[in-house]
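What follows is a single structure, written as structure tokens, with notes after it.
Computed from the coordinates by the stated procedures, all read-outs in this text should not be read as laboratory data. What you are looking at is a predicted structure, and each value in this text was computed from that prediction instead of being measured. Glycine gets a Cβ as well: all are built from the backbone with ideal geometry, and neighbour counts include every protein chain shown.
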Amino acid sequence: MADVMLVGEPLVLFYAQEYGSLAEVNHFTKGLAGAEVNVGIGLSRLGHQVSYLTKISTDEMGDYIYQALEKEQLASPYILREPTLPVGIMYKNKVKEGDPKTLYYRKGSAASKMTKADIDRIDFSQLKLVHLTGIPAALSPEFREACFYLIQQAKESGCLLTFDSNLRPSLWESEALMIQTINELAVLSDIFLPGLEEGQLLTGLTTTEEIADYYLTRGVSHVVVKNGAQGAFVKSQNQEKQLVEGFLVEKVVDTVGAGDGFAVGIIDGLLRKLSLPEAVENANAIGAIQVQHVSDNEALPTLVELQEFKENTQRGR
Ligand SMILES: O=C(O)C(=O)C[C@H](O)[C@H](O)CO
């Protein structure tokens, strides 16, 4: 029986083999992407039982996603095959510095059409935690409505809710709708995980503590503001707060998926009843591992690999 439920859209990812703009490069490697998928893979590798609810096509790209999910113990009857709609595709370029450019072909995908009726397929009885990101709410009005319904059902069943803002402006009709919706979802969560820049855009505030307070005063129990190499700032309703130092990374190769790795550390810590600062330290470590690899999820560690990384890597910028 699964402890964690994830709902989202898996993507076929083509990541470039050569540096340069997507218009210029010719060689790509095929992989799997999607924020919730990445979190699911990370948790599964750390030994947790995870369920993942989505819809994929019945064509070869859908087969590819299904097989990749099977390999990561994420395939289950919660994956519905939809004969008339495609899966989403994402391209990602290779950069020497900064964030890679991502390009989506996902409008009208099978997953983007998920509704409240799909949420009704979830058996909440044994679940401990539901994790959601801001991406599904961007995909269609019906999926957006389903996200609020998922949160309501999860809360009624006594599940913890972790929420990662994961802002993707290109997927939203407008920035105003993105900010409004993400804030509405965030204040319903127990543990909210914004990046510093995301928090600044969402609240109009500047510092990590101001951002944390914004959500704490609106009912969130714990806020963890991610600040890349600087580490992460965590503050709770009881006013306990701490800046948890990050790990030294020699070369940042690709930042996409680092936030999902971070969420894995937090959720794993909650499930294993670690203290929040301990969970944040693991989250920083998994984020640091992620940024050193081009795939969105292939480097996600096992517990042994995580331990090794922490033992062999210095803290600091
Ligand atoms: O799901 C998306 O929209 C993506 O951008 C795919 C990536 O794997 C993911 O978001 C990384 O967080």
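Within straight cross-link reach of residue 116, meaning Cα distance under 20 Å, which aspartates and glutamates are found once same-chain residues fewer than 8 apart are removed?
Once the sequence-local aspartates and glutamates are set aside, what remains near residue 116 is 9, 36, 82, 142, 145, 156, 184.
Give the residue from 312, 187, 242 lying farthest towards the positive end of the charge dipole for the stretch 174-317; charges sit on Cβ (+1 for Lys and Arg, -1 for Asp and Glu) and the dipole is referred to the Cα centre.
It is 242, whose Cα lies furthest towards the positive end.
Work out, step by step, the length gained on full extension between residue 168 and residue 84: first 0.36 nm times the residue separation, then minus their alpha carbon distance; give nm to one decimal.
Values: separation 84, 0.36 × 84 = 30.24 nm, distance 2.62 nm.
Here the segment from residue 168 to residue 84 would lengthen by 27.6 nm.
Multiply the residue gap between residue 305 and residue 60 by 0.36 nm, knock off their C-alpha separation, and tell me the result in nm, one decimal place. Present the calculation step by step, with values, prior to reporting the outcome.
Values: separation 245, 0.36 × 245 = 88.20 nm, distance 3.29 nm.
Gain on extension, residue 305 to residue 60, equals 84.9 nm.
Suppose the chain between residue 49 and residue 145 were pulled fully straight at 0.36 nm per residue; how much longer would it get relative to their current alpha carbon spacing?
Extra length from residue 49 to residue 145 when fully extended: 31.9 nm.
Please check: in the Gaussian network model of the chain (C-alpha springs, under 10 Å), which one of 225, 244, 252 has the largest mean-square fluctuation.
With Cα springs under 10 Å in the chain, the top fluctuation among 225, 244, 252 is at 252.
With +1 assigned to the C-beta of every Lys and Arg and -1 to the C-beta of every Asp and Glu, and no other charges, what is the dipole magnitude of the chain about the Cα centre in debye, to the nearest 20?
60 debye
Between residue 30 and residue 272, what is the label-point separation in nm under the 7 Å Cα-to-beta-carbon projection?
Each label point is offset 7 Å from its Cα along the Cβ direction, giving 3.5 nm.
May I ask you to evaluate 6.51 cos²θ - 1.76 cosθ + 1.60, the Karplus curve with θ = phi - 60°, for each residue of the stretch 152-158 and list the ³J(HN,Hα) values in order in whole Hz, giving x for glycine and proline?
Whole-Hz 3J(HN,Hα) from phi for the stretch 152-158: 4, 5, 5, 5, 4, 8, x.
Net charge near residue 57: determine it from the other residues with C-beta under 11 Å of the C-beta of residue 57, scoring Lys and Arg +1 and Asp and Glu -1.
With Lys, Arg at +1 and Asp, Glu at -1, the neighbours total -2.
Starting from the coordinates of the alpha-carbon atoms of the chain, obtain the Kirkwood hydrodynamic radius over all distinct pairs and give the value in Å to one decimal.
For the chain, inverting the mean 1/r across all distinct Cα pairs yields 19.4 Å.
Would you give the gap between the C-alpha center of the stretch 211-264 and the C-alpha center of the stretch 65-137, rounded to a whole Å?
24 Å
Rule-of-thumb check for the stretch 233-317: C-alpha Rg over 2.2 N^0.38 Å? Intermediate values should be presented prior to the final figure.
Details: Rg = 12.5 Å, N = 85, 2.2 N^0.38 = 11.9 Å.
Cα-based Rg divided by the globular estimate yields 1.05.
With no solvent and one point per C-alpha, what does the Debye sum give as log10 I(q)/I(0) for the stretch 176-317 at q = 0.22 Å⁻¹?
Debye intensities relative to I(0), on a log10 scale: -1.37.
Could you derive backbone 3J(HN,Hα) for the stretch 114-129 from the dihedral phi with the Karplus parameters 6.51, -1.76 and 1.60 (θ = phi - 60°), listing whole Hz in sequence and x where the residue is Gly or Pro?
5, 10, 4, 4, 5, 5, 5, 7, 7, 8, 7, 4, 9, 6, 9, 8
From zero outward in steps of 10 Å, how is the percent of C-alpha pairs of the stretch 1-89 spread across the bins?
Bin by bin from 0 Å, the calculated values are 17, 46, 26, 10, 1.
In the chain, once you exclude exposed GluC sites (Glu not before Pro) (DSSP loop, at most 14 other Cβ within 10 angstrom), what's the longest stretch remaining? Present the calculation step by step, with values, prior to reporting the outcome.
Values: sites that count: 24, 97, 173, 240, 250, 298.
Excluding the exposed sites themselves, the longest stretch runs over 98-172.
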